[in-house]
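A short worksheet on the structure shown next.
The values are calculated or read from the model by the stated rules, or taken from the named source; none is laboratory data. Since we're looking at a predicted model, the values are computed, not measured. Every residue, glycine among them, receives a Cβ derived from its backbone with ideal geometry; neighbour counts consider all protein chains shown.
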Amino acid sequence: MWSYVKNLEYPVNLKCKDFKMAKCLLEQYGGQDSELSNALRYLNLRYTMPNGKAKALLTDIAAEELSHLEIIGTMIYQLLSTATLDELKIAGLPEYYSNHGQSLMYKDASGIPWISSYIQSKENFIADLYDALAGEQRSIATYENLITIAVDPEIKKILSFLRGREKHHFKLIKQLIKELKKEKKKKQSSQNTSQKSSQKSPQKGSQKSSQSNSQKSSQSN
Amino acid sequence: MNKDDLLDKIQLTQLDALKLNMHLDVFPNDKRSKDEFEKLSYELDCLLSEYQNNFGPLSNFGLSYIENPVLWTSDPWPWDNEQEQ
């Protein structure tokens, strides 16, 4: 179950009039590598994770990505809500305004709506977690572009915080993959040795002896 | 502490607790982080209790220290800009 806490993960109180930035920030709100994609990816990949550790980390990261989505949404909302119609036109937002007014919508900076094919699931946890890693890296790159574009120091500060958090997620997922791979290898090698030892006995002797072997083992069981 | 200072303190403590929580997901046997996480959780609990008893609920679904349906709806929402109030 989910519950809400009525404060942002990082405070947002924008006083600037950088309306072009509202349009650019949509990339992190409803773009391919947005916080929405990150949050929904983690929420969805949790179910088939191989152990409790992986399920815990993905649940916690998903929840934080939702908090990031709220921070991005707050920035866009605060920028849009103080803009006059002329300012929105100058900022290149008349098409957006025609459809959504000054409300928010899950679209990227070019106006393309979010679709679920931005994310993926394969049941194979290695494939899924590498996809999550790549998603974090693309998200970091998007933040770097946005920080370059931003003029207002307050916006730059918030975006830098978010970029830092994504970097942190990246490190944790990387560590998780390392451990899961090690575990998988260990499991496979122990399976291989048990398979080998069970294959050895019929190869050694005649059918009779293998039968007596299996009888013995069933008796001992 | 006044309302804004208390909420700032809550936000900072939440963030530290969140970071430790995620670290402990991957390194659950890290004793130092475990102790620090416990200490921070207690601090956060105290701060949340102080804030909510004085200024109203911060969480929904019965998870607040005090329930006040009027303040839950009328108190500004996190995305509301401070200059508008």
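What to note about this one:
- Verdict on A:Leu176 being under 25 Å from A:Thr59 (Cα atoms) and not small (Gly, Ala, Ser): yes
- The single condition among (1) part of a helix (DSSP H, G or I); (2) of a type in the set (Gly, Ala, Ser); (3) touching a helix residue (DSSP H, G or I) at 6+ places or on another chain (Cβ under 7 Å) that A:Gly92 does not meet is (1).
- Every condition in (1) at pLDDT 95 or above; (2) in a loop (DSSP other than H, G, I, E, B); (3) within 14 Å of chain B (Cβ to nearest Cβ) is met by A:Gln102 except one, and the failing one is (1).
- Taking the listed residues A:Ser37, A:Ser67, the one that is at negative phi, more than 10 Å from chain B (Cβ to nearest Cβ) and at pLDDT 95 or above is A:Ser37, with no other qualifying.
- Residues of region B:56-82 that are facing another protein chain (nearest Cβ under 7 Å) and in a helix (DSSP H, G or I): B:Glu82 alone.
- Residues of region A:24-76 classified as surrounded by fewer than 21 Cβ atoms within 10 Å (Cβ to Cβ) and among the aromatic types (Phe, Trp, Tyr), total: 1
- Just one residue in the set B:Leu12, B:Leu40 is within 11 Å of another protein chain (Cβ to nearest Cβ), in a helix (DSSP H, G or I) and without any contact (Cβ under 8 Å) to a residue 60 or more places away in the chain; that residue is B:Leu12.
- Within region A:49-64, the residues that satisfy the criterion of being assigned to a helix (DSSP H, G or I) and either out of contact with any helix residue (DSSP H, G or I) (no Cβ under 7 Å at 6 or more places or on another chain) or at pLDDT below 95 (or both) are A:Gly52, A:Ala63.
- Members of region A:142-156 that are assigned to a helix (DSSP H, G or I) and more than 22 Å from the chain's Cα centre (by Cα): A:Thr148, A:Ile149, A:Pro153, A:Glu154, A:Ile155, A:Lys156
- Considered as a group, the residues in region A:9-33 that are in contact with a helix residue (DSSP H, G or I) (Cβ under 6 Å, 6 or more places away or on another chain) and within 14 Å of chain B (Cβ to nearest Cβ) include one that is nearest to A:Ala83 (Cα to Cα), and that residue is A:Ala22.
- Of all residues in region A:177-198, none that is more than 30 Å from A:Ala132 (Cβ to Cβ) has its Cβ atom under 8 Å from the Cβ atom of a residue that is among the charged types (D, E, K, R) and in a helix (DSSP H, G or I), 6 or more apart or on another chain.
- Note on region B:44-55: residues that are facing chain A (nearest Cβ under 10 Å) and of a type in the set (A, V, I, L, M) amount to 1.
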